[in-house]
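> Below is one structure. I have some questions about it.
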Amino acid sequence: MSNVSNVENLSPQIIRQVTKEISSLCRNPPEGIKVFMNEEDVTDIQATIEGPAGTPYAGGTFRMKLVLGNNFPSEPPKAFFLTKIFHPNVSGNGEICVNTLKKDWKPELGIKHILLTVKCLLIVPNPESALNAEAGKLLLEQYEDYSLRAKMFTEIHAKPLRVSEENCSTEDKTADGPLAKKHAGDKKLLEKKKRDKKKTLKRL
């Protein structure tokens, strides 16, 4: 995946056109999609796509990137998932294979259309043009196994980390940290319950 800017290789007209569309998408993004503009390099187009409900990707947030080539829009951009994902149409390095970015590409198709197409790919994968042969085979022959693997990848790579109590105690060992205060509060509450219990027993 190339990180080289293509700004100097694109005409000012194309750069203005891309900038205008990205600005519009940032203000009014499609449902479940967020677009991020890099003001220093408009050819660095990144977005996040929420995993659609009812799919193994539900609950995950997948970051992706579009790479505009020297001949854009005559030639389609390349699309990559930056978030690791188990999907028939996504290769090991994150490259996305979809007809819109291949034989069905038309120069008038915009960035919004590409993002919506990639989102649709999460709902309806195409095992016929699989870049991940294992995912494509599982999807066709053992859907449950495919779904479980895709869910596992989503859980590990596309969901925010949950901070465990163990991590909290490791990070917050100071005597006046929030966790220390919580433990002190718990201790006081426990002592109060013990006193109340003794009073009740005395009355009996």
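> What is the number of the single condition among (1) more than 18 Å from the chain's Cα centre (by Cα); (2) within 30 Å of A150 (Cβ to Cβ) that E21 does not meet?
Condition not satisfied by E21: (2).
> Which one is most open to solvent (accessible area, probe 1.4 Å) among residues in the range 81-114 that are within 20 Å of L138 (Cα to Cα) and in contact with a Phe, Trp or Tyr (Cβ under 7 Å, 6 or more places away or on another chain)?
The extreme case among them is K84.
> Sticking with this structure for a sec: Among (1) closer than 16 Å to P52 by Cα; (2) touching a helix residue (DSSP H, G or I) at 6+ places or on another chain (Cβ under 9 Å); (3) at pLDDT below 95, which single condition is V118 missing?
Result: V118 fails condition (3) only.
> Counting only residues that are of a type outside the set (A, V, I, L, M, F, W, C) and in contact with a Leu (Cβ under 6 Å, 6 or more places away or on another chain), how many does the range 95-106 have?
Summing the residues that are of a type outside the set (A, V, I, L, M, F, W, C) and in contact with a Leu (Cβ under 6 Å, 6 or more places away or on another chain) in the range 95-106 gives 0.
The values are calculated or read from the model by the stated rules, or taken from the named source; none is laboratory data. Computed from a prediction, not measured in an experiment: that's the story for all the values here. Positions of Cβ are backbone-derived with ideal geometry, glycine not excepted, and every protein chain shown enters the neighbour counts. Quick note on the areas: whole protein, heavy atoms, side chains included, nothing else; ligands and nucleic acids left out. Shrake-Rupley method; radii C 1.70, N 1.55, O 1.52, S 1.80 Å.
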